[in-house]
Amino acid sequence: MKAETNQENQTVHEQPRYSHWFVFVVAIFITCLVTANIISVKLISIFGLVLPAGVLIFPISYITGDILTEVYGYAQARRVIWLGFFCNFIVVVAIWLGKVMPPASFWDAQLAYERILGFTPRLLAASFLAYLVGEFINAFVMAKMKIATKGRWLWTRTIGSTLVGQGLDSLVFITLAFAGTIPSRALVLAITTQWMVKLAYEAAATPLTYISVRFLKRHEGMDVYDYHTRFNPLLLRK
C-alpha cells in the first residue's frame, strides 16, 4: 500500500531535472524517427513482403516511446513526441530548401536529390498526421494499461499499445497517402502487412525493453504512474 502511495505521489510533482539517461533515450527516439522518414523512400523485400526501408528502424521509436512512458510517464512522453515532430519538420524544411536552391554548375545530381529526398505534399501530410496519431495513442494506452495492471506484466502494455498505436499509424498513413491510387484490396494488404511486421518487431524486442526499463528505473529512482495526468495531447504540462 505504501509503495502504491509513493508511486502515485510521483505523478503530482514534476521532475525538475533531465538526466543524461533521459536525454539518451530522447536522442534515440528522434534519430530513429527522422532516419526512418528519410530511408522510407526505398522499398525492400523481406521474405517476399514489399515494405518501405523505414520499417527497419521506425519501430524503435515506438519501443523508446514505450520506455519513456513506462519510466517517466505520459507527460514527459508527450513533450518528446512533440519535440520529435518539430525536429522532423526542421529536417523536411532543410531538405526542401536544399532542393529549391540552384545547384552549382558542375553538380549533376539535382534530379537524384529530388528523386530520393523529395516529398509530395500528400505523403508529407500523411506521414505527419500518422506519426502524431500513432505515438499519442501508443503512449495513452501504455499509461492507462500500467494503471490497470498495477505495473505488472510489462509485455502486455508494450505489445498492447503497439497493437493499437502502430495499427493506427499504418492505417492513417497508407490510407491518406495511397487511397485512390491503388486498388482497395492492395491498400488493405499494405496496411495489414506493415502492422503485422511492426507488431512482430515489438514482440521480438520485448526482452530488450525489459532490460532497458529495469535499468532506467533503478538508475533514475523513479517509476511514474499517471493517476493525475491530463491526457490532452496539446498540453505541454500535466
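Values in this text are rule-based calculations from the coordinates and carry no lab data. On a predicted model such as this, the values are computed, not experimentally measured, just so you know. Virtual Cβ from ideal backbone geometry, glycine too; neighbours counted across all protein chains shown.
Per-structure values
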{"read-out": "Area projected by the alpha carbon convex hull of the stretch 158-238, averaged over all directions, nm²", "value": "7.4 nm²"}
{"read-out": "Residues 206, 229, 35, 162, sorted so that the one with the fewest Cβ neighbours within 10 Å comes first", "value": "206, 35, 229, 162"}
{"read-out": "Within the chain, helix-based [θ] at 222 nm, where runs of 4 or more DSSP H residues each add -39,500 (n - 2.57), nearest 500", "value": "-24000 deg cm²/dmol"}
{"read-out": "Part-to-part distance (alpha-carbon centres) for the stretch 110-163 and the stretch 184-238, which is given in Å", "value": "8 Å"}
{"read-out": "The stretch 141-182: trypsin sites (Lys or Arg not before Pro) falling in loop per DSSP and having at most 11 other Cβ within 10 Å", "value": "150, 152"}
{"read-out": "Alpha-carbon spread of the chain, three principal axes, descending order, Å", "value": "69, 41, 29"}
{"read-out": "Inter-label distance, nm, simple model (7 Å from Cα along the C-beta direction), residue 185/residue 109", "value": "4.2 nm"}
{"read-out": "Potential extension, residue 82-residue 122 segment - 0.36 nm per residue separation minus Cα distance", "value": "12.3 nm"}
{"read-out": "Residue 204/residue 100 FRET efficiency (R0 41 Å; Cβ-Cβ; nearest 0.05)", "value": "0.50"}
